[in-house]
1. Within segment 352-364, can you find the residues that are at pLDDT 90 or above and not charged (D, E, K, R)?
2. Tally the residues that are assigned to a strand (DSSP E or B) and surrounded by 16 or more Cβ atoms within 10 Å (Cβ to Cβ), restricting the search to segment 179-196.
3. Any idea which residue in segment 156-178 is farthest from Leu285 (Cα to Cα), counting only those that are at pLDDT 85 or above and surrounded by 19 or more Cβ atoms within 10 Å (Cβ to Cβ)?
4. Having 2 or more residues that are β-branched (Val, Ile, Thr) is the bar; report the strands (runs of 3 or more DSSP E) wholly within segment 95-178 that clear it.
5. When you scan segment 82-104, how many residues do you find that are crowded, with 20+ Cβ neighbours inside 10 Å and within 18 Å of Arg69 (Cα to Cα)?
6. Hey, can you tell me all the residues within segment 2-53 that are farther than 21 Å from Ile167 by Cβ, hydrophobic (A, V, I, L, M, F, W, C) and assigned to a loop (DSSP other than H, G, I, E, B)?
7. Among the residues of segment 358-368, write down those that are touching a residue at least 40 places away in the same chain (Cβ under 8 Å) and surrounded by fewer than 21 Cβ atoms within 10 Å (Cβ to Cβ).
Amino acid sequence: MKQWKKDLGYENRKYYDFLLAMILLTGVLSLFLDKSMLLIPTSLLVVIALASKWYDGYSGSSLKLFNYRTSIRLFPGENTSLRFRFRNNSKAPVLNGRLSFKSNSNIKADDSFTRESTKGYQYSLPFSLMSEGEKEVRLPIKAVKRGVTKITDIQYRFPHLIKFTSISMDFLPLYETEIVIYPIQKPVYGMEEVFQIAPGEERASFSPFEDLLTPVGTRDYVSSDPFHRIHWKASAKTGTLQTKVYERQVDISWTIVVNVTQQTRLGNEHISRNLENLLSHASYLCHFATQNNYDFELLINMRRPHDRPFFFQPEGSGNQHLKDSLELLARIQVNQSFMPMEELMHRLHHELYKKKTIIIVGDIPEHTYQYIREWSRKGLKVFQIQLEDGQAILVPFSYRGAYV
């Protein structure tokens with residue numbers, strides 16, 4: 001695919017028309033006046049015209065911008081550098097040019113390279129590249145706020161070495177580098193008691209559940225032990241009754257549900273004015289679950305074209321799962337369409353297959369209480385985040401349902 005569209009400027013044709021007219025004029029005058037000296041400027045003009053045409057054809061004609069799919073992941077306040085690697089395979093150098101591009105307001109560079117545009121910032125950097133040369137341009141940037149940034153409107157402008165007019169090169173493909181800025185963490189208090197114990201695969205020192213396929217040893221028999229737990233071979237070797245001991249396992253898993261909408265007094269839903277706080281609290285929950293080695297899944301009532309038509313991170317654990325969850329939170333945009341909370345709860349209700357803890361971040365509309373009552377009857381614990389004196393506190397669901 002062609003990378004660049006070259007524009008020689010609207011005065012390019014006028015320039016060559018002027019040169020042609022001067023060549024014809026000096027040539028005709030030299031013939032009529034029989035002045036061979038007039039052929040010198042004629043020849044010089046011909047050389048200038050040919051050199052200009054040569055530079056028109058070769059300058060930037062084989063300029064390549066390396067464009068690999070890359071994601072730069074940051075938290076607000078962190079710094080990094082945007083890198084653009086170019087190669088000039090042409091015989092003509094491009095000198096004293098300016099590389100410019102745009103981004104949204106989620107990132108920002110030094111003021112000397114930056115000016116505000118309608119949807120963010122425009123950047124301009126000095127850039128020159130010799131023939132058959134390769135060079136990397138770096139721009140230090142700082143992550144300002146949560147979101148995803150794409151680099152757009154990449155353009156390189158440089159002066160024509162003979163005509164002294166400006167040549168512009170517009171980059172045609174989508175630039176594949178993106179900057180993903182995770183939400184900050186805002187603490188949620190009252191986390192210590194939030195878990196639902198169920199049979200699972202995670203080892204635990206104390207658990208009411210045992211894996212009967214994973215014996216770990218024996219111990220002395222006590223009168224309360226079931227008869228079928230006696231290990232007869234071990235008892236014969238030791239001369240005393242021995243009881244089989246199995247590995248104790250639990251499943252501590254969370255379902256984090258984020259409601260990014262709030263209702264008006266008339267019952268209409270719109271994006272919450274506390275969106276960034278909600279996502280920051282959800283980020284904290286994801287970090288807390290990962291640090292404690294809990295499995296968790298994440299559901300957000302924002303629509304997207306997918307088998308599941310909402311933002312969803314399947315159940316998992318570990319650092320990679322945390323990174324994927326934070327990236328999901330980072331990709332939420334205010335201008336996206338949302339899914340009504342009742343529809344999201346309905347979908348979740350039909351997919352719950354085991355006991356787990358459900359944590360709801362955001363408002364809980366009254367018409368969704370029916371699902372919470374059903375979950376409670378099945379033994380699931382439901383918690384919600386409420387604000388008290390400016391602090392987010394995790395409390396059992398109380399049918400008040402508001403993230404104030």
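The values are calculated or read from the model by the stated rules, or taken from the named source; none is laboratory data. Since the model is a prediction, treat every value here as computed from it, not as a measurement. Every residue, glycine as well, gets a Cβ built from its backbone with ideal geometry; the counts of neighbours run over all protein chains shown.
1. Ile358, Ile359, Ile360, Val361, Gly362, Ile364
2. Adding up the residues that qualify gives 4.
3. Taking the candidates together, the pick is Ile167.
4. Those strands (runs of 3 or more DSSP E) span 133-143, 147-150, 152-159.
5. 4
6. Leu33
7. The one that is touching a residue at least 40 places away in the same chain (Cβ under 8 Å) and surrounded by fewer than 21 Cβ atoms within 10 Å (Cβ to Cβ): Pro365.
Residue-wise test of (1) of a type outside the set (S, T, N, Q); (2) touching a residue at least 12 places away in the same chain (Cβ under 8 Å).
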residue	(1), (2)
Gln3	no, yes
Asp7	yes, yes
Phe18	yes, no
Ile23	yes, yes
Thr26	no, yes
Ser30	no, yes
Pro41	yes, yes
Leu44	yes, no
Leu50	yes, no
